[in-house]
């Protein structure tokens, strides 16, 4: 039984990067012989097995042949005669087409080590264009490794553009797009994911809501970067500095979707963009089947980010109602903290203003504390019924916020 460590584990080991998963390829075996050795079969589309002790994935060497459009349109062939080189050539990038034996010797038939040293994403073979998921994977690799200086080889970028123009990205299913997108949001530089999709023209089909922000101007006085698409990605970059949560990062990215709906005659102003963006956000979340935790925060940030920026000017009643909408009065609800971080990312996601303080965050948190600590016992024990109880509590909260505002 010949086994080789392959793919990301080899790549990350050579980069001195943390290895998260170990995948192995097996040469010269059959499904029957693997089962006899105690491996547990788990593969649906091709023979993959779990090691009886480590539970690492072991896949039999295989070849693939394109049979239909999309990323599932493949005929997979596995047999003991397939060589390691034949298995590796079906992989997407040269840096993922290396294998390491048990002694640490590297098999590198497609110059992956050289591309690692030169920080290049390069496709292994023309078969790259047969699987549209590979566009998403390169974008995610960009999110993970762009800070190390990785770029896409010219010929690979050209191939990606050709795939897009041929309509391959139309076959991407929502679950797979979201899976790659949410992984990218957790990487070091998620903005590189979207810049890469934009560069190869895939963003317009994968996320038209984000793509149509590019070229939409904003007032230069407040947004020196002017372009709304660039601002959205700058906001995402700032969110990465403020929070590791992908929910916060996505909310910062999507907060200005409504600016794409502004009539051009009103540019560069975007009055009412908070509400006009909600249908686009709903469309984005429905299409990609975005989990509720992501959508709910994104909706709140889109609705109230301008309130947060202007909170020093707002009446106590407006602040109280916003805090209520944010769930700030509920026990152990962290939505307010995530909300102010996304709003701070928006404020700092502007060229030259990245270091500008955002005192609004602390102001809102303190206002919430003041209004959360009110004594409602007299109201709850009194004679008020139904909605009148809620309104009385609201008035108490407004009073508490008002006292806090006067004390600042």
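The values are calculated or read from the model by the stated rules, or taken from the named source; none is laboratory data. Only a predicted model underlies this, so the values are computations on that prediction, with no experimental measurement involved. With ideal geometry, Cβ positions are generated from the backbone for all residues, glycine too; neighbour counts draw on all protein chains shown.
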Selection within the range 166-203 - touching a helix residue (DSSP H, G or I) at 6+ places or on another chain (Cβ under 8 Å) and on the phi > 0 side of the Ramachandran plot: 201
Of the numbered conditions (1) surrounded by fewer than 20 Cβ atoms within 10 Å (Cβ to Cβ); (2) in a helix (DSSP H, G or I), residue 258 fails exactly one; give the number of that condition. (1)
Per-region count, the range 204-228, residues without any contact (Cβ under 8 Å) to a residue 24 or more places away in the chain and touching a helix residue (DSSP H, G or I) at 6+ places or on another chain (Cβ under 8 Å): 4
Restricting attention to the range 130-139, report how many residues are more than 17 Å from residue 115 (Cβ to Cβ), touching a helix residue (DSSP H, G or I) at 6+ places or on another chain (Cβ under 8 Å) and assigned to a helix (DSSP H, G or I). 4
Going by the structure shown, is residue 375 in the same structural domain as residue 221 (by TED's automatic domain parsing) and over 30 Å from residue 234 (Cβ atoms)? yes
